[in-house]
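The values are calculated or read from the model by the stated rules, or taken from the named source; none is laboratory data. Model, not experiment: these values are computed from the prediction. All Cβ positions, even for glycine, are placed from backbone atoms using ideal geometry, and neighbour counts span all protein chains on display.
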Amino acid sequence: MVAMIKRILKTLTRLPKTRGGHIKLIAVGNSILANNRYAGGPGRSAPELLFENNNQDFPGQMKQDIKSLDPEAELFLLAKDGGTFESVIEEQMVNLPIRNTKDVVIVLIAVGGNDLISRIQDQNKFSETIYAHFVTQIRLLVDYLEESLQPDILLIANTYDPTGGAGDESSEAYAGILPVSSARRALLRINNDLKSFCESRHARYIDLYRRFLGHGFNQNEPWITQHIEPNYLGSHIIRRMFWDVMVKDLVKYGFSPLIRKIN
């Protein structure tokens, strides 16, 4: 009898947590998410493709988007080119939608790259104080989101290397400002710290740095344009990374997409 009860309880915990509401997809941060200008225009940023696929350009992603799961879903693309921790908190957060308890709220975050550039443009290395500042800032951002919005699914992307991990000879400077070797050391450290933070807060960590290796702006198959912005293919790759992670969580809320291997 005890064993039977345990099996029943185990089955119940696996049942979808159907809310009866709709999906709200919210993107905050910098050009990794905001970019459609450099990718060719409206509808071409990673959140926009994640929300509604361009079936003509990416037929392999057909029905692998939020709108296919929930035709009444809403997209709030709040991210801006040049976004920093400060501008996200002060300018983007004020535009967060009102939370409906029945809705499934998904938040995408990509921030930190512009802070890196502005903080060490006159330095050859980061200090421990600057590293600690990054962790403090992302904690403040997530605390604010959790208090005001209580997201059901939170995905945080790290910052890629625009050179794609190429040797220092590929470019004299990261984004035309910093020595590549100095910037890369800082990137690895803040991305490491971000991964640890995500694990401590049960947020999903999206490793753009590793995925974009070999696809820098001077490499044979670039996913980056204008030295630092994701191009259209880059936006597609980013949305795929978000999709592959979030789709497993969406099933728990009663959304059951057709999961298949795509190119």
Condition set without any contact (Cβ under 8 Å) to a residue 60 or more places away in the chain and among the hydrophobic types (A, V, I, L, M, F, W, C), scope the range 92-110, selection farthest from Ile23 (Cα to Cα): answer is Val94
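If you scan the range 42-68, which residues turn out to be surrounded by fewer than 20 Cβ atoms within 10 Å (Cβ to Cβ) and among the hydrophobic types (A, V, I, L, M, F, W, C)?
The first filter runs over the range 42-68 and keeps only residues surrounded by fewer than 20 Cβ atoms within 10 Å (Cβ to Cβ), leaving 42-43, 52, 54-60, 62-63, 67-68.
Listed by number, the residues that qualify are Phe58, Met62.
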Residue pairs within 8 Å by beta carbon, gap of at least six or interchain, first lying in the range 68-83 and within 29 Å of Gly20 (Cβ to Cβ), second of a type in the set (Lys, Arg) and surrounded by fewer than 19 Cβ atoms within 10 Å (Cβ to Cβ), listed first then second, are Ala73/Lys67
Reported set for the range 56-90 where residues are within 15 Å of Ser148 (Cβ to Cβ) and not aromatic (Phe, Trp, Tyr) is Leu78, Val88, Ile89, Glu90
Counting only residues that are closer than 17 Å to Gly112 by Cα and not in a helix (DSSP H, G or I), the range 201-223 contains a total of 6
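Just the residues that are under 23 Å from the mean Cα position of the chain (by Cα) and either part of a loop (DSSP other than H, G, I, E, B) or at pLDDT 95 or above (or both), please, taken from the range 167-190.
Of all residues in the range 167-190, those under 23 Å from the mean Cα position of the chain (by Cα) come to 174-175, 183-190.
Listed by number, the list holds a single entry, Ala175.
Within the range 137-162, restricting attention to residues that are part of a strand (DSSP E or B) and within 12 Å of Cys198 (Cβ to Cβ), which residue is farthest from the chain's Cα centre (by Cα)?
Taking the range 137-162 as the starting set, the residues that turn out to be part of a strand (DSSP E or B) are 153-157.
If we keep only those that are within 12 Å of Cys198 (Cβ to Cβ) too, we end up with 154-157.
Numbers: Leu154: 9, Leu155: 6, Ile156: 5, Ala157: 4 Å.
Among residues in the range 137-162 that are part of a strand (DSSP E or B) and within 12 Å of Cys198 (Cβ to Cβ), the one farthest from the chain's Cα centre (by Cα) is Leu154.
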Within the range 184-223, residues among the hydrophobic types (A, V, I, L, M, F, W, C) and either in contact with a helix residue (DSSP H, G or I) (Cβ under 8 Å, 6 or more places away or on another chain) or surrounded by fewer than 18 Cβ atoms within 10 Å (Cβ to Cβ) (or both) come out as Ala186, Leu187, Leu188, Ile190, Leu194, Phe197, Ala203, Ile206, Leu208, Phe212, Leu213, Trp223
Flagged pairs (Cβ under 9 angstrom, 6 or more apart or on separate chains; first in the range 132-143, modelled with pLDDT under 90 and of a type in the set (S, T, N, Q); second part of a helix (DSSP H, G or I) and buried (at least 18 other Cβ atoms within 10 Å of the Cβ)) are none
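One line per residue, one yes/no per condition, for (1) of a type in the set (A, V, I, L, M, F, W, C); (2) in a loop (DSSP other than H, G, I, E, B); (3) modelled with pLDDT under 95; (4) touching a Pro at 6+ places or on another chain (Cβ under 8 Å):
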{"residue": "Val94", "(1), (2), (3), (4)": "yes, no, yes, no"}
{"residue": "Arg99", "(1), (2), (3), (4)": "no, yes, yes, no"}
{"residue": "Lys102", "(1), (2), (3), (4)": "no, yes, yes, no"}
{"residue": "Leu108", "(1), (2), (3), (4)": "yes, no, no, yes"}
{"residue": "Leu116", "(1), (2), (3), (4)": "yes, no, yes, no"}
Those residues of the range 33-77 that are part of a helix (DSSP H, G or I), at pLDDT 95 or above and of a type in the set (A, V, I, L, M, F, W, C) come to a total of 6
Those residues of the range 38-57 which are within 22 Å of Phe255 (Cα to Cα) and of a type outside the set (Gly, Ala, Ser) amount to Pro47, Glu48, Leu49, Leu50, Phe51, Glu52, Asn53, Asn54, Asn55
Among residues of the range 224-252 being buried (at least 20 other Cβ atoms within 10 Å of the Cβ) and in a loop (DSSP other than H, G, I, E, B), the residue modelled with the lowest pLDDT is Ile228
query: Would the range 209-219 turn up any residue that is touching a residue at least 40 places away in the same chain (Cβ under 8 Å), small (Gly, Ala, Ser) and more than 17 Å from Gly43 (Cα to Cα)?
result: yes
